[in-house]
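The values are calculated or read from the model by the stated rules, or taken from the named source; none is laboratory data. As the structure is a computational prediction, the values presented were derived from the model and not from experiment. Cβ atoms come from the backbone with ideal geometry, glycine included; neighbour counts cover every protein chain shown. For accessibility, only protein heavy atoms count, side chains too; no ligands or nucleic acids. Shrake-Rupley method; radii C 1.70, N 1.55, O 1.52, S 1.80 Å.
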Amino acid sequence: MAILRSLFRKRSKLADTNAFEIPAEVTEMTEKKDEATDTTTATAAKKNNSTEDFLDYWIQKAVEMRASDVHFERYRTYVKVRYRIDGRLQTIKKLPVHLHSGLVTRVKILAKLKIDEKRVPQDGRFSLVHGDKKFDVRVSILPGYLGECLVMRLLQSNSDLFSLQNLGARDKDVQKLEHLLSIQNGIIVVAGPTGSGKSTTLYSIVKKISSPECKVITVEDPVEYQLEGINQVSVNEAIGMTFATALRSMLRQAPNIILVGEIRDKETAEIAIRAALTGHLVLSTVHAKDTVNAITRLLDLGIPAYLVAATLRGVLSQRLIRKLCPNCAREGKFDLASLKEIAPEYKAMGNEHIREPVGCDQCLNTGYKGRQAVMEILPVNEKIQRIINQRCDEDKLRQQAQSEGMETLRQIALEHYTHGEIGYEALLTLFAEMS
């Protein structure tokens, strides 16, 4: 509770300074009635250049602001435009209601969705180019009480993004992960909540270990990034193409490496275990708060402890934390008493370097710019295998792992904070997630 109270106090002090200035020509668009607002045919919509330009503007601005998602949300008297930047939703603008239908129709055309279908959710995708960058845009449309909610996820189509070094983790964590990847068979699991960067880490791992002599097959829901030289399969539960179904068929393709987007149920877990036992390297994710909890999650799915112990090679748990803006962050005062309140285990070093967020044009007045991965890595050795076989509680497993040198997410985040790389709020946020 102390962590949550501290986080609330910290956030309540931040002003809502996320909006930016809209060019006059775009503002004028919002003041004019869009004649094609109620258009339900592709031909009529394509003639409406103002709607096209208007949508292009918001997407272009999202790319420039490093947004990962663009949200158009319909309310009674306005349409709210929000961007997700560095994991946080920020309100950008409120638009007149009459623009909503034209914007949604235009996106449906681009994503090859049914324009006149407004009763059921629809998903699609399209591509766009901004400068020298190409993006895949994943579209989700959800029928709401007042109108359709539109979300576009911007995914940069550049395989160079996927490298272990680009994850932002510490060099020694990257080295630990590379050592783990030298193993030729078994299961490696990446754990974390939604939005923690699990998929990006898996793609980076696949790119690191794949080669022309190696056959790699992935099954994902959905395929987010298209990787050169990798066989990728998309889940489609509507026609019975589940993780388990795809994984069972993939084994007949004689792959060396198998990537399963998520282990959700006992059937998928059992097939993944079987694949690992027969000499394949299986990479997957589970929703768990840390490495030890991920092992418990596999056991709770009904997998026998001896099979988990025999096939699991390592677990990686991660979070993405916001970095301080290098342009405006200022020196701060180290308050040991406050830190002890949320991290009683911390021992003062005497050389703490604390920095605080300020806010400038480069970071949209938030004080933060970009994110980096915090990784907790647990190699599964013989001692860990014995504890798993005994189905001991998480505390004993965690104590053994830490005695062998495993650093927890909390310890790594504290290191980043005392080195001036993240702010106090980012530290509180991670601690709140872990509590």
Worksheet entry | Proximal charge balance of residue 152 [Cβ under 10 Å; K/R count +1, D/E count -1] | +2
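What does the charge dipole of the range 88-241 about its Cα centre add up to, to the nearest 20 debye, if the Cβ of each Lys and Arg holds +1 and the Cβ of each Asp and Glu holds -1?
Approximately 580 debye in magnitude.
How much length is gained if the chain between residue 88 and residue 115 is pulled fully straight, taking 0.36 nm per residue apart and subtracting their Cα-Cα distance, in nm to one decimal? List each step's numbers first, then the result.
On the way: separation 27, 0.36 × 27 = 9.72 nm, distance 3.04 nm.
Once the chain is fully extended between residue 88 and residue 115, it gains 6.7 nm.
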Worksheet, complete the sentence: Rounded to one decimal in nm, the spacing of the 7 Å Cα→Cβ label points at residue 97 and residue 353 is 5.5 nm
Worksheet item: Taking the Cβ-Cβ separation of residue 142 and residue 239 as r and a Förster radius of 22 Å, what is the calculated FRET efficiency to the nearest 0.05?
Response: 0.55
Practice prompt. Amide H neighbours of residue 420 under 5 Å, at least 5 residues apart or on other chains, H built in the peptide plane: list them.
Written response: 353, 355
Worksheet item: residue 68 label point, 7 Å along Cα→Cβ, cut-off 15 Å on backbone N: hits in the range 192-207?
Response: 192-204
Worksheet item: In sequence order, what are the phi-derived ³J(HN,Hα) couplings for the range 105-116 according to the Karplus relation 6.51 cos²θ - 1.76 cosθ + 1.60 with θ = phi - 60°, rounded to whole Hz, with x for glycine and proline?
Response: 4, 4, 5, 4, 5, 4, 8, 6, 9, 6, 5, 8
Worksheet entry | Computed over the chain, Cα set: Rg, Dmax in Å | 23.8, 70
Discussion item. As I understand it, the value is the acute angle between the Cα axis of helix 266-277 and the longest principal axis of the Cα atoms of the chain; what does it come to in degrees, rounded to 10?
Written reply: 50 degrees
Item to complete: Could you please report the charge total around residue 255, scoring K, R as +1 and D, E as -1 over all other residues with beta-carbon less than 14 angstrom from its beta-carbon?
Response: +3
Practice prompt. For helix 409-418, report the angle its Cα long axis makes with the longest principal axis of the Cα atoms of the chain; keep it between 0 and 90° and round to the nearest 10°.
Written response: 70 degrees
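Let me spell out the model: positive unit charges on the Cβ of Lys and Arg, negative unit charges on the Cβ of Asp and Glu, origin at the Cα centre of the chain. What dipole size does that give, in debye rounded to 20? Numbers along the way, then the final one.
Details: 61 positive and 55 negative charges, 93 e Å.
Result for the chain is approximately 440 debye, rounded to the nearest 20.
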Worksheet item: Check residue 215: other-chain or 5+ apart residues with amide H under 5 Å from its amide H, H built from backbone geometry?
Response: 256, 257
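With a 1.4 Å probe and every protein chain left in place, work out the accessible area per residue of the chain in Å², rounded to a whole number. Intermediate results must be reported in sequence, preceding the final value.
Working: 21160 Å² over 435 residues.
In whole numbers, the chain has 49 Å² accessible per residue.
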Worksheet, complete the sentence: Long-range alpha-carbon pairs in the range 107-264, meaning those over 24 Å apart, account in percent for 44 percent
Worksheet item: Cα-Cα over 30 Å: which of 108/207; 172/396; 176/333; 172/333; 289/323; 80/133?
Response: 108/207; 176/333
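Quote the convex hull volume per residue of the range 375-434, based on C-alpha atoms, as a whole number of Å³.
In the range 375-434, the Cα convex hull volume per residue is 83 Å³.
Could you give the dipole magnitude of the range 138-187 about its Cα centre, charging the beta-carbon of Lys and Arg +1 and that of Asp and Glu -1, in debye to the nearest 20?
On the way: 5 positive and 5 negative charges, 17 e Å.
The dipole magnitude comes to about 80 debye.
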Discussion item. Using a 1.4 Å probe on the protein heavy atoms, what percent of the accessible area of the chain belongs to carbon and sulfur?
Written reply: 48 percent
Practice prompt. Calculate the length of the line joining the C-alpha centroid of the range 241-296 to that of the range 134-181, in whole Å.
Written response: 21 Å
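Relative contact order of the chain, please, whole-number percent, based on alpha carbon pairs below 8 angstrom and at least 6 residues apart. Walk me through the numbers before you get to the answer.
Numbers: 756 pairs, mean separation 59.2, N = 435.
This gives 14 percent for the chain.
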Item to complete: For n ≥ 4 DSSP H runs only, could you compute -39500 (n - 2.57) per run for the chain, divide by its residues and tell me the 222 nm figure to the nearest 500?
Response: -10500 deg cm²/dmol
Worksheet entry | Euclidean distance between Cα centres, the range 369-435 to the range 317-337, Å | 19 Å
Worksheet, complete the sentence: The helix 291-300 Cα axis meets the longest alpha-carbon principal axis of the chain at an angle in degrees, between 0 and 90 and rounded to 10, of 90 degrees
Practice prompt. Starting from the amide H of residue 162, placed 1.01 Å from N in the peptide plane, find each other amide H under 5 Å away whose residue is 5 or more places distant or on another chain.
Written response: none
Worksheet item: So which cysteines of the chain have no other cysteine's Cβ under 4.7 Å from theirs?
Response: 149, 214, 392
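Working with all protein chains in place, sort 57, 203 by solvent-accessible area computed with a 1.4 Å probe, largest first. Walk me through the intermediate numbers first.
Details: 57 30, 203 5 Å².
Sorted descending by solvent-accessible area, the residues read 57, 203.
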Item to complete: Indicate, rounded to the nearest 5 percent, the antiparallel portion of the DSSP beta bridges found entirely in the chain.
Response: 70 percent
Fill in: Surrounding net charge for residue 415, when Lys and Arg each add one and Asp and Glu each subtract one, Cβ distance under 9 Å
-1
